[in-house]
Amino acid sequence: MGQTFLEFTFTPNPLQPAVDILIAELSEIGFESFVEKETSLVGYINEKDFNEEQFLELYVLQTGDFQITYTTKSVAQQNWNAEWEKSFDPIYIGEDCAVRAPFHKVRPVTYDIVIEPKMSFGTGHHETTHMMLQHLLETDISGKSVLDMGCGTGVLAILAAKKGAAQIDAVDIDNWCFKNSVENAARNDCPQIQVFEGDASYLKNKMYDIIIANINRNILLEDIPTYASCLKKGGQLFLSGFYLSDLKMISAKCEASGLQFLKKIEKNNWVAVKYVH
Ligand SMILES: C[S@@+](CC[C@H](N)C(=O)[O-])C[C@H]1O[C@@H](n2cnc3c(N)ncnc32)[C@H](O)[C@@H]1O
């Protein structure tokens, strides 16, 4: 509490693909969340994480391919939350699953996931979360042990719980996400979810039937061998958080770790992939 964030409003001309590239590049340098508006993109970063040199070197700002103007101002954390929550509409994944804030009303669905995102990533609006939810909806999870690595709001772990997973570990490196996942697991009445603050080093001597990781290309490339070593034979690994253009690199790492490609979903150049051990 009491932290200061920087709010950047970017106005690219034309809007796409600059907005997608901005989101990808800004995420890599610590921006935590984004609100896409009709003619602009608003991004937030904790003031203490902002490195101006890294920011100014971003390809999307350097290349002459897009015209991007931006403004910036400091905002208190609570204002940032209010802005984010105002922009959060309920979403449906297929016929059976909704992700919504506590104050939203939705039509009856089998999997009604209630998320208060606060500062965490994972409302189902981002392509990667949406596609991971799609993969989970298509998978038999009943009675399985699951790891949700980089859990954010805990949204993927909550769907796994609602689909009957026996036990779920949800892990995030960020303290805010850890706390938010604990709250959201309780809000959705999911006592089978245990939340931990940490990274792949948490995984010593653990084994799972299903591992889900929606993080980013570089962390995944580093951690795929660890995930593979924690996956039971026949177990499944779901990965997202990277672009289609990085799929070859990710699949090569998975194959070198004894995993076989099963299926992929694509949306706006993002991809979510399923592998089997
Ligand atoms: C793209 S968000 C995904 C959130 C959520 N799982 C979803 O699908 O919407 C990635 C999350 O991974 C976390 N993270 C980043 N690096 C990590 C690491 N090395 N180990 C564990 N979590 C990490 C971030 O804090 C963030 O919450």
Among (1) at pLDDT below 95; (2) outside any helix (DSSP H, G or I), the one test that Asn180 misses: (2)
Residue identified as under 30 Å from Phe103 (Cβ atoms) and polar (S, T, N, Q) among Asn214, Asn269: Asn214
Flag if Ala98 is among the small types (Gly, Ala, Ser), part of a strand (DSSP E or B) and not assigned by TED's automatic domain parsing to the domain that holds Glu32: yes
Unique residue being farther than 25 Å from Asp246 by Cα and either modelled with pLDDT of 90 or more or of a type outside the set (Gly, Ala, Ser) (or both) when the list is Phe34, Phe10: Phe10
Qualifying positions in region 123-167 - in a loop (DSSP other than H, G, I, E, B), more than 10 Å from the chain's Cα centre (by Cα) and β-branched (Val, Ile, Thr): Thr139, Ile141
Counted residues, region 150-169 - those being away from the ligand (no atom under 14 Å from the Cβ), more than 21 Å from Cys230 (Cβ to Cβ) and buried (at least 21 other Cβ atoms within 10 Å of the Cβ): 0
Residues of region 170-194 satisfying the condition of being within 14 Å of the ligand (Cβ to nearest atom) and in contact with a helix residue (DSSP H, G or I) (Cβ under 8 Å, 6 or more places away or on another chain): Ala170, Val171, Asp172, Ser181, Asn184, Ala185, Ile193
Scan of region 251-277 for residues that are surrounded by 15 or more Cβ atoms within 10 Å (Cβ to Cβ), farther than 18 Å from Ile210 by Cα and hydrophobic (A, V, I, L, M, F, W, C), ordered by number: Trp270, Val271
Subset of region 199-228 [over 16 Å from the mean Cα position of the chain (by Cα) and either of a type in the set (Ser, Thr, Tyr) or in a loop (DSSP other than H, G, I, E, B) (or both)]: Ser201, Tyr202, Lys204, Asn205, Lys206, Met207, Tyr208, Thr226, Tyr227
Every pair of residues 6+ apart whose Cβ atoms lie under 6 Å, when the first sits in region 212-225 and is within 8 Å of the ligand (Cβ to nearest atom) while the second is polar (S, T, N, Q): Asn214/Thr128; Asn214/Ser240
Which listed residue, of Lys232, Lys267, is in contact (Cβ under 8 Å) with a residue 12 or more places away in the chain, of a type outside the set (A, V, I, L, M, F, W, C) and more than 18 Å from Asp148 (Cβ to Cβ): Lys267
Selection status of Ala228, within 9 Å of the ligand (Cβ to nearest atom) and on the phi < 0 side of the Ramachandran plot: no
Residue that is surrounded by the most Cβ atoms within 10 Å (Cβ to Cβ) [pool: residues in region 43-67 that are among the β-branched types (Val, Ile, Thr) and not in a helix (DSSP H, G or I)]: Ile45
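The values are calculated or read from the model by the stated rules, or taken from the named source; none is laboratory data. The shown structure was predicted, so the numbers you read here are calculated from the model rather than taken from an experiment. Cβ sites come from the backbone with ideal geometry, for glycine too, and all protein chains shown count toward neighbours.
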